[in-house]
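So the structure is just underneath, and the comments pick up after that.
The values are calculated or read from the model by the stated rules, or taken from the named source; none is laboratory data. Bear in mind that the values here come from a model prediction, so they are computed numbers and not experimental data. Quick reminder, even Gly has a Cβ in these numbers, built from the backbone with ideal geometry, and neighbours come from all protein chains shown.
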Amino acid sequence: MTWSEFSFERYRRYLPAAAIFIVAVAASAYLSEVSLTDLRRGILKGLSLLTLFFPPDWSACKDMLQPALVTLVICLVATPIGAAFSIVFGLAAARNIAPEWLRLTARTVIAVERGLPEIVILLVLVAAFGLGPFAGVMALAIGSIGMLGKLLADAIEEIDPRVLDAVAAVGATPWQVIRHAVLPEVLPALVANSIFRFEVNVRASVLLGAVGAGGIGYELDAAINQLEYSRATMAVLMILLLVFLSERASDWVRSKVL
Amino acid sequence: MLEVKGLSKRLPTGKTILNDISFRVDKGEFVALLGASGAGKSMTMRAIAGLTSVTAGEVVFSGESGKCYTTITASGKTSGKDLRRARRNIGVIFQGSNLVKRLPVLDNVMIGRLGRIHPLRSWLYGFTDQEASEAMAALERVGMAGFASRRTGSLSGGEVQRVAIARAIFQRPLLYLADEPVSSLDPKNAEAIMQLMQPLAREHPILGAFHQPGMVMHYCTRVIALHKGSIIYNGAPNLSAKQLDEIYCGQADRPEATQELTAAAES
Ligand SMILES: Nc1ncnc2c1ncn2[C@@H]1O[C@H](COP(=O)(O)OP(=O)(O)O)[C@@H](O)[C@H]1O
Ligand SMILES: [Mg+2]
């Protein structure tokens, strides 16, 4: 390649796209009323508020322990339930296991579920079951099925078909093939994905808590609403600790399974 | 005894993959399928195991008891229970062996019995002590007893092939199909696998695909040569260089070449 080739000419075809991008950003800034003065005012207000958040209200620490535990338990219960159901959806959505009609149905359900934010699921469930951890558990479990089911189905579709043929060739039933070839090949991946999902769920449960699932997210929301900012800081610290610990734990477990 | 009658497979595109394949394999035989890549060796064996559909033909086999099994009937592919009942009597050793890599070696051997035990029992992994010790004996026979608890994915090519043979032995079939069991192995390991299979064939016949005419001549009792889906030779394993040329160089396209080969085999 000569230098003359390595020039602006090569990037010329990106010009229209770049122009459209810039116009779009400018237009949306205008439409959403972004203004630099507002930005400055917001930052200053935020900074002045920030002083109210410090120092944290250490005495609130023991009030936070129980809600943090509730959040943790919600995730510890919800994730395995979601993982268990994702096996059903994963199998139903895999091309090399399920008949076409079942596969399409399962893939559609998974896609719809993945399209719905947990918070929407929670709001529906709260309407049905009322406020509280139970609705939170259900929302997170359902929310986990989509991601875990899709990853599982993809993993199953990647299994070498000859391995499955070889097990079928000894006279095994389709269910035996699933039990003795499909599941052993994909379960470690499912466990690893579930643990990752557990981390995601810990974060999500904070938000869900504020909406009505209880736990530490609710404490944070309540503290801010009552203008007890240093208490809110304590809740944030607790959340950070929770997220940090769940990350450490999941890294540790993952290193054991894979 | 295995009897393959008029097996044909044509694709919807019109391409012929198997063309009127008929042959027998009798007790005590170790039959080698020879032929260039794409000749239809794998397809023939997949058809015998009922793993692929065919356009026409029939596959029947039976053991000492005289009870007959079939994977492909004249009316088409058998299905469900009958197919599984037939399959559990065929020990298939696949090309590249295709074991479940994440399972321990012993579990892979146990898979050989799935067709014979109640599905519910196998779901709970309820293999009996008797079955476990038989599986160990099968591993012993192929020299892999020390590997029983190893993860299958961590084995070498030769070791994997031995485990696949142990699985087939543990299956207690009436015949064995072996698709290129030694192709991926170095000469020493290939020789060792052939030495394992030779005595097995005396118990239950083996039909195997090979690419090593030298070894085939030494270990096998008969050769069936395929070319573009047709049988072009069915006879003694000691082939001349000229015959091998015809099997592998595609000159057998001409019908007279087929006659030449067969005549050479008969003389
Ligand atoms: N799934 C398939 N679909 C279409 N053609 C196939 C398929 N599998 C094999 N074939 C064709 O069938 C022919 C025989 O293949 P195969 O039995 O694998 O040959 P061999 O084992 O002798 O090398 C080849 O021409 C191959 O291209
Ligand atoms: Mg082949």
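State the number of residues belonging to region A:162-186 that are more than 8 Å from chain B (Cβ to nearest Cβ) and under 31 Å from the mean Cα position of the chain (by Cα).
Count: 4.
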Completion exercise
All-but-one check, residue B:119 against (1) in contact with a Phe, Trp or Tyr (Cβ under 7 Å, 6 or more places away or on another chain); (2) more than 10 Å from chain A (Cβ to nearest Cβ), failing number (2)
Practice task
Can you tell me which residue within region B:18-54, out of those that are under 28 Å from residue B:80 (Cα atoms), more than 14 Å from every other protein chain (Cβ to nearest Cβ) and buried (at least 21 other Cβ atoms within 10 Å of the Cβ), is farthest from ligand 2 (Cβ to nearest atom)?
Solution key: B:25
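If a residue counts only when it is under 27 Å from residue B:151 (Cβ atoms) and in contact (Cβ under 8 Å) with a residue 12 or more places away in the chain, which helices (runs of 4 or more DSSP H) contained entirely in region A:157-258 have at least 3 such residues?
The helices (runs of 4 or more DSSP H) meeting that bar are A:161-168, A:183-208, A:229-257.
Condition check ((1) more than 9 Å from ligand 1 (Cβ to nearest atom); (2) within 17 Å of the chain's Cα centre (by Cα)) across all residues:
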| site | (1), (2) |
| --- | --- |
| B:10 | yes, no |
| B:26 | yes, yes |
| B:29 | yes, yes |
| B:46 | no, yes |
| B:51 | yes, yes |
Handout entry: Where a residue in region B:169-189 is within 12 Å of chain A (Cβ to nearest Cβ) and closer than 15 Å to residue B:156 by Cβ and its partner, wherever it lies, is within 16 Å of ligand 2 (Cβ to nearest atom) and in a helix (DSSP H, G or I), with Cβ under 6 Å and at least six apart
Key = none
Exercise for the section: Scan region B:90-97 and give yes if some residue there is surrounded by fewer than 23 Cβ atoms within 10 Å (Cβ to Cβ) and over 26 Å from residue B:149 (Cβ atoms), otherwise no. Expected result: yes
Practice task
Would you confirm whether any residue within region A:232-243 is farther than 26 Å from residue A:79 by Cα and not β-branched (Val, Ile, Thr)?
Solution key: yes
Problem - Residues being in contact with a helix residue (DSSP H, G or I) (Cβ under 7 Å, 6 or more places away or on another chain) and part of a helix (DSSP H, G or I) - total across region B:79-120 - result: 9
Exercise for the section: Can you give me the number of residues within region B:100-116 that are surrounded by 19 or more Cβ atoms within 10 Å (Cβ to Cβ) and more than 7 Å from chain A (Cβ to nearest Cβ)? Expected result: 7
Practice task
Answer with yes or no whether residue B:96 is within 16 Å of ligand 2 (Cβ to nearest atom) and either farther than 19 Å from residue A:175 by Cα or at pLDDT 80 or above (or both).
Solution key: yes
Fill in the blank from the handout: Selection from region B:140-198 of residues within 16 Å of ligand 2 (Cβ to nearest atom) and surrounded by fewer than 17 Cβ atoms within 10 Å (Cβ to Cβ) yields B:183, B:184
Practice task
Determine if region A:122-130 includes at least one residue that is more than 14 Å from chain B (Cβ to nearest Cβ), without any contact (Cβ under 8 Å) to a residue 40 or more places away in the chain and within 20 Å of the chain's Cα centre (by Cα).
Solution key: yes
Fill in the blank from the handout: Just one listed residue, out of A:153, A:94, is of a type in the set (A, V, I, L, M), part of a helix (DSSP H, G or I) and within 30 Å of residue B:98 (Cβ to Cβ), and it is A:153
Exercise for the section: Answer with yes or no whether residue A:149 is surrounded by 24 or more Cβ atoms within 10 Å (Cβ to Cβ) and more than 14 Å from chain B (Cβ to nearest Cβ). Expected result: yes
Completion exercise
Restricting attention to region A:196-217, the residues that are surrounded by fewer than 23 Cβ atoms within 10 Å (Cβ to Cβ) and touching a helix residue (DSSP H, G or I) at 6+ places or on another chain (Cβ under 7 Å) number exactly 8
Practice task
Inspect region B:171-178 for any residue being among the polar types (S, T, N, Q) and more than 18 Å from residue B:51 (Cβ to Cβ) and give the result as yes or no.
Solution key: no
